[in-house]
Amino acid sequence: MTVEAIKDAIVHLSGQERQQLADWFEELEEEAWDRQMEQDFAPGGRGAHLLDEAQADIAAGRTRPMHEFLAEAKAKREQSKTGQ
């Protein structure tokens, strides 16, 4: 089956069927993305060095709780809005 035939078939679906297809396709894309992320961050993957850096930062105490970081970022945004 060609892409054009698939497109033609989709055009003839009901709204509900198109939504079902869209939902299915979104799930398919999410699963593909999940698999890619697993490969990228597996040992030897192209993102593995980032995990190594993060683990080293944690071990060295160069991290802080997320809520502290977010509170600081919020305060900076508010200061920039008020021109201080």
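The values are calculated or read from the model by the stated rules, or taken from the named source; none is laboratory data. Because the structure is a prediction, the values reported are computed rather than measured. Cβ placement follows ideal geometry from the backbone for every residue including glycine, while neighbour counts extend to all protein chains displayed. Ligands, DNA and RNA are stripped out before the accessible areas are found, and what is left, the full protein with its side chains, is counted by its heavy atoms. Shrake-Rupley method; radii C 1.70, N 1.55, O 1.52, S 1.80 Å.
Residues considered: Thr82, Thr63. Of these, the only one that is without any contact (Cβ under 8 Å) to a residue 24 or more places away in the chain and surrounded by fewer than 10 Cβ atoms within 10 Å (Cβ to Cβ) is Thr82.
State yes or no: is Arg46 open to solvent by 90 Å² or more (accessible area, probe 1.4 Å) and in a loop (DSSP other than H, G, I, E, B)?
Numbers: open to solvent by 90 Å² or more (accessible area, probe 1.4 Å): yes; in a loop (DSSP other than H, G, I, E, B): yes.
Yes, satisfied.
What are the residues in the stretch 49-60 that are outside any loop (DSSP other than H, G, I, E, B) and loosely packed, with under 10 Cβ neighbours inside 10 Å, if any? Correct list: Ala59 only.
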